1. Report, to the nearest 10°, how far helix 241-252 tilts away from the longest principal axis of the Cα atoms in the chain, using its own Cα long axis and a range of 0 to 90°.
2. Label point 7 Å out from residue 213 along Cα-to-Cβ: which residues of region 119-153 have amide N under 15 Å?
3. Pop out the ³J(HN,Hα) list for region 178-187 in order, Karplus 6.51 cos²θ - 1.76 cosθ + 1.60 with θ = phi - 60°, rounded to Hz; leave Gly and Pro as x.
4. Can you give the charge dipole size of region 64-122 about its Cα centre, rounded to the nearest 20 debye, using +1 on the beta carbon of Lys and Arg and -1 on the beta carbon of Asp and Glu?
5. At 0.36 nm per residue, and after removing the present C-alpha to C-alpha distance, how many nm does the segment from residue 283 to residue 121 gain when stretched out fully?
6. What's the magnitude of the charge dipole for the chain around its Cα centre, counting Lys and Arg as +1 and Asp and Glu as -1 at the beta-carbon? Answer in Debye, nearest 20.
7. Return the carbon/sulfur percentage of the accessible area of the chain, one whole number, probe 1.4 Å, all protein chains in place.
8. Using the Cα centre of the chain as origin and beta-carbon charges of +1 (Lys, Arg) and -1 (Asp, Glu), tell me which of 268, 70, 157 is placed farthest towards the positive end of the dipole.
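The values are calculated or read from the model by the stated rules, or taken from the named source; none is laboratory data. These numbers come from a predicted model, not from an experiment. Here the Cβ positions follow ideal geometry from the backbone for every residue, glycine too, while neighbour counts run over all protein chains shown. Note: areas computed on protein heavy atoms with side chains; ligands, DNA, RNA excluded. Shrake-Rupley method; radii C 1.70, N 1.55, O 1.52, S 1.80 Å.
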Amino acid sequence: MPPYVSRAVLLRGCLVAKPRIQLQRYAHSSPRTLPCFSLEGRTCVVTGASQGLGAQILAAFALSGANGAVVDLSQETANKAVSDLKDEAKHAGLPEPKLLGYECDTSDKDKVVKTFDQIVKDFGKVDVMVTNAGIASGTPAEDYELDEWKKMLDVNVSGAFLFAQAAGKHMISQKIKGSIIMVSSMSGSIVNRPQKQSAYNVSKAAVSHLMRSLASEWGEHGIRVNALSPGYIQTAKNEGPEMEKLSKGWVEMIPLHRIATPDEFRGTVVWMASDASSYMTGADIIVDGGYTIW
């Protein structure tokens, strides 16, 4: 090893230097991305991956060399997402990734176990698990029906736990030093306004704290568990006159003065899933355009 890197640690393609050690610049060939951001040969599972943020997360993984599973409530929408992702890889001039769609109600334990077992059978292993499936609603607390409250927690919290649990068991048994990313929200740290979303806020706070609990328990196995907490995102679900009116108020409270597009989270999730973040666990990564700094 050359003398100017003798005190550095070479970690899976990333050069992590000790403080005050100046490294010589290398002439890089294109593309100039550190190898530790690659997901080549890894299998990534994303729930709620047929549209919006979930679709962008799996697209980012596929374009970074991973194979993946699209888990959605409908087999039809899951298959459509697979087709779209393969088309994007083709247009980017990249090899076609292995992508498969699965229909699953993430709040149903038996269905989650069956689906995860099938994914392992189809791909051989799972290296990255993203619990993205979720729902949202805005109802005044005094009018919230208990059944609707329970449904919110079932989908957003229990669904996230069940898939994380399945992934954790698999990674522990197979000695896979994997990455589990739980999609939470800035709503887990603050209370949004002016919309009234008590159940949603509670569910996301629970997801963020669940992430910390799992990171604490599974760190000894080399499994990293982190949360991605987006701010406001422009998707088909939040279009319409009422949402347009609300978004104008949100923009005034966002330092970047705009709503995010789903594709802007691609780089963040690749970093979180890859060896580029190999020492990060138990972290809640808030990507909100600065909304929560005020």
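1. Orientation of helix 241-252: about 50 degrees from the principal axis.
2. 153
3. Once rounded to whole Hz, the list reads x, 10, 10, 10, 9, 7, 9, 5, 4, 5.
4. 200 debye
5. Contour length minus Cα-Cα distance gives 55.2 nm.
6. The dipole of the chain has a size of about 1440 debye.
7. 53 percent
8. Checking the options against the dipole of the chain, the answer is 268.
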